[in-house]
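Down below is the structure, laid out as structure tokens.
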Amino acid sequence: MTIRDLEFADLNTPTGPMRTHLFRPQAGGRYPGILLYPEIFQMTGPIRRTAALLAGHGYIVAVPDIWHEFEPAGSALAYDKPGTDRGNALKLEKERHALDGDSRAVLDHLRSLPHCTGKLGTLGICIGGHLSFRTAATNPEVLAAVCYYATDIHKGSLSKTGDDTLARAKDIRGELLLFWGKQDPHVPPAGRQKIYAALTDANVNFTWHEFNGQHAFIRDEGHRYDPALALQCFQMALELFHRKLGEGDLPGPAASGPAESKH
């Protein structure tokens, strides 16, 4: 399925306008919405390609600038030490209420679009995986959430005042799909066990996968990229979204004559 050229909207949030990048199929009809949370680097090439992949399978995908209070609209941090240091500093500057206000703004915008069915899911990578988890916990209309090696959940260290994300696991009503790399130092075994136990104790509907992979194994830049593993995980994510959100309602073919063969 081909997709439209990149669009964007500047959404109102409690902490100012937030640039949100939008991807959707070119064909008419209505589609489920997915809130895609990026890494700490915001809208990079790999995130853009991930959004395009999801949109090409029949979804409206919204990617917000998670550091919109601090960085120019539409900007991205580089995959280098200064970019990493900047992103890690900003996650400690963001207010907890701002995290939740951002997610609410994007979900409301998706549901307001005339080409959205109103069924919503989330997907996040790295710190975005944490935000995907948190959005599912704070917004009961999220039917499916995918989390790739979600950082900081086990530490409760997102935002300048800390966060209560893991404690909110009991509020998750949708289905979760979580991916982890066994060689990821950012979420060690003890941290993964803590998250697994919290989800189990809260009776959350979730599926848990641990792979022999490093942090950032789905990012298609850099030496840690594992293409085979990335493809496997995307297929599982799409299966969840198709099952929980549906596949949209494309207009039916015109009944003006016999069907033509297309090659």
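None of the figures in this text is laboratory data; all of them are computed from the coordinates on show. It should be emphasised that the depicted structure is a prediction, and the values quoted were computed from it without experimental measurement. Please note: Cβ atoms are built from the backbone with ideal geometry, for glycine as well, and neighbour counts cover all protein chains shown.
Charge dipole of the chain (Cα centre as origin; +1 on each Lys and Arg Cβ, -1 on each Asp and Glu Cβ, all else neutral): 300 debye, rounded to the nearest 20. With the charge dipole of segment 63-222 set up from +1 on Lys and Arg Cβ and -1 on Asp and Glu Cβ about the Cα centre, the Cα lying farthest toward the positive end among the listed residues T165, G222, N205 is that of N205. Please work out which option in (i) 34, 22, 19; (ii) 29, 21, 19; (iii) 26, 22, 19 gives semi-axes √(5λ) of the Cα gyration tensor in Å calculated from these coordinates, and answer with its label. Computed from the coordinates, semi-axes √(5λ) of the Cα gyration tensor in Å corresponds to (ii).
The C-alpha atoms of the chain define a longest principal axis, and helix 45-56 lies at about 40 degrees to it. For segment 7-245, relative contact order (Cα pairs under 8 Å, six or more residues apart, normalised by length) works out to 17 percent.
In the chain, the calculated helix contribution to ellipticity at 222 nm averages -10000 deg cm²/dmol per residue, counting -39,500 (n - 2.57) for every DSSP H run with n ≥ 4.
The listed peptides 210-222, 130-142, 80-92, ordered by packing as a protection proxy, come out as 130-142, 210-222, 80-92 (highest mean of other Cβ atoms within 10 Å first).
Pairs of Lys residues in segment 7-245, spaced 8 or more positions apart or belonging to different chains, with C-alpha separations under 25 angstrom: 24 in total. With the simple model of a label 7 Å out from the Cα in the direction of the Cβ, E93 to A27 spans 4.4 nm.
By other beta-carbon atoms within 10 Å, ranking T122, T20 with the fewest at the front produces T20, T122.
As a rough footprinting exposure proxy, the listed residues Y79, Y59, Y31 were ranked by other beta carbons within 10 Å of their own, and the order from fewest upward is Y79, Y31, Y59.
Placing dummy labels 7 Å off each Cα toward the beta-carbon, the span from M236 to N203 is 2.5 nm.
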